[in-house]
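A quick write-up on the structure given underneath.
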Amino acid sequence: LVIDPDAPLPTTVEALNQETLRAVEALVQLFPDNPDALEMKARVQVWLGNSAQAEETWQQCLKLNPKYVHAYVGMASTAAARAEHEKSLELAKHALTLDSQNFQARAISADALLQLGRAQDVPGVLEEHLSKDPRSRGHYLLGQAYAQLGNYEKARDNYEAAIRIYPDYREAYNGLAVAYERLGEADKAQQTMDKF
């Protein structure tokens, strides 16, 4: 790959996509035995809407390194996007056996559990991890779980935590408004819905 710093920037989406594809192909050619290079290619494939090609690329990563956690996380994410929640959960759990601190795998697992109607299992996936590494997405998912379980105090607390970490988290405001409403705090519910 030759990069000309004086070359004009791509002026269309298609031109940008083609330049990006050329760059990741060059990266794979430069580092054919490095799963990270293939991982970049898979991410670009997902970005371009080619999840089937991305999964093939992640399988190539696993041939190079059967314990390559990013491949499992990527495949779990694409399975979730296709609403294949059992498959998504299985892949994310496998990623966690390889890297128990991988937050993305935890979030994918929690989301799959919510989609499968297993909200009671979500706190076990997230709570301890979030006590050491608070993440807005994690608190949002815990809020969703507790709301599904009818524990609106814990739902409220987690939605509030998500918003403290990321004040523009729109979905968390919606969940928080519902939690306030269920807790009989109508004024707070309305203020939160207005913010949403």
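The values are calculated or read from the model by the stated rules, or taken from the named source; none is laboratory data. Computed from a prediction, not measured in an experiment: that's the story for all the values here. Here the Cβ is made from the backbone with ideal geometry for all residues, glycine too, and neighbour counts use every protein chain on show. Keep in mind that these areas ignore ligands, DNA and RNA; they rest on the heavy atoms of the full protein, side chains included. Shrake-Rupley method; radii C 1.70, N 1.55, O 1.52, S 1.80 Å.
Only one of these is in a helix (DSSP H, G or I), surrounded by 16 or more Cβ atoms within 10 Å (Cβ to Cβ) and either within 13 Å of the chain's Cα centre (by Cα) or in contact (Cβ under 8 Å) with a residue 40 or more places away in the chain (or both): Ala80, Ala37, Ala42. Name it. Explain how you work it out, then say what you get.
On the way: Ala37 fails: either within 13 Å of the chain's Cα centre (by Cα) or in contact (Cβ under 8 Å) with a residue 40 or more places away in the chain (or both); Ala42 fails: either within 13 Å of the chain's Cα centre (by Cα) or in contact (Cβ under 8 Å) with a residue 40 or more places away in the chain (or both).
Step by step, each of Ala80, Ala37, Ala42 is checked, and only Ala80 is in a helix (DSSP H, G or I), surrounded by 16 or more Cβ atoms within 10 Å (Cβ to Cβ) and either within 13 Å of the chain's Cα centre (by Cα) or in contact (Cβ under 8 Å) with a residue 40 or more places away in the chain (or both).
Would you be able to tell me the number of residues in the range 149-173 that are open to solvent by less than 60 Å² (accessible area, probe 1.4 Å), part of a helix (DSSP H, G or I) and not small (Gly, Ala, Ser)?
Adding up the residues that qualify gives 7.
Looking at the range 91-106, which of the residues that are over 18 Å from Arg43 (Cα atoms) and in contact with a helix residue (DSSP H, G or I) (Cβ under 8 Å, 6 or more places away or on another chain) is surrounded by the most Cβ atoms within 10 Å (Cβ to Cβ)?
Per the stated criteria, the residue is Arg106.
From the list Leu141, Leu183, Leu114, which residue is over 30 Å from Asn50 (Cβ atoms) and either open to solvent by less than 70 Å² (accessible area, probe 1.4 Å) or in contact with a Gly (Cβ under 6 Å, 6 or more places away or on another chain) (or both)?
When all the criteria are applied, what remains is Leu183.
Surrounded by 21 or more Cβ atoms within 10 Å (Cβ to Cβ) and within 27 Å of Pro134 (Cβ to Cβ): is that true of Ala54 in this structure?
Details: surrounded by 21 or more Cβ atoms within 10 Å (Cβ to Cβ): yes; within 27 Å of Pro134 (Cβ to Cβ): no.
Taking the combined requirement at face value, the residue does not satisfy it.
Within the range 25-34, is there a residue that is out of contact with any Ser or Thr (no Cβ under 7 Å at 6 or more places or on another chain), open to solvent by less than 20 Å² (accessible area, probe 1.4 Å) and within 24 Å of His94 (Cβ to Cβ)?
Scanning the range 25-34 turns up no residue that is out of contact with any Ser or Thr (no Cβ under 7 Å at 6 or more places or on another chain), open to solvent by less than 20 Å² (accessible area, probe 1.4 Å) and within 24 Å of His94 (Cβ to Cβ).
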